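A.B. asks: Starting off with a structure, shown below.
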Amino acid sequence: MHPLFNAFLAQTADATPTAPGGPGALLQQLPFFIAIAAVFYFVMIRPQQKQAKQHQGFLAGLAKGTEVVTQGGLIGTVVLVEDRTVTIDVGGGNKVRVLKANVAGAWQEKPPAAAGKQEKK
């Protein structure tokens, strides 16, 4: 055998093999994973649950005469509220029946901000 190869084998035989990880390494990483999970909960899951609860409350309190917008973008006034569906008058005597879950929220028309700036000239 080559003398360099013998020297390499002699050095590796003296070293005692140790595992890079073990029970201690897992305990050191555990607080990091708990912190990541907590951040994930407070940034992603909790606000989404809060918004879903608000939407369910809005749908439960839906009444005749409320102006709503659907997820499809239709804007109209609620004419009839049933168990699973809502009938919406979209104008011109046209009525659309949609599922309650597809009502995105109340419609609030915002005043045009650009019109106020033009009048000041």
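Each value in this text was obtained by applying a stated rule to the coordinates, not by laboratory testing. None of the values given here were measured: they were computed from a predicted structure. In this analysis, Cβ positions are derived from the backbone assuming ideal geometry, glycine residues included, and neighbour counts consider all displayed protein chains.
A.B. asks: What is the distance in Å between the Cα centroid of segment 83-105 and that of segment 41-60?
C.D. replies: After rounding, the separation between the Cα centres reads 22 Å.
A.B. asks: Follow-up question, since we're still on this one. What value does segment 50-106 have for Rg/Rh, both radii from Cα atoms and Rh as Kirkwood defines it?
C.D. replies: 0.94
A.B. asks: Would you please name the trypsin sites (Lys or Arg not before Pro) within segment 25-87 that are DSSP coil residues with at most 10 other C-beta atoms within 10 Å of their C-beta?
C.D. replies: Answer by residue number: Arg84.
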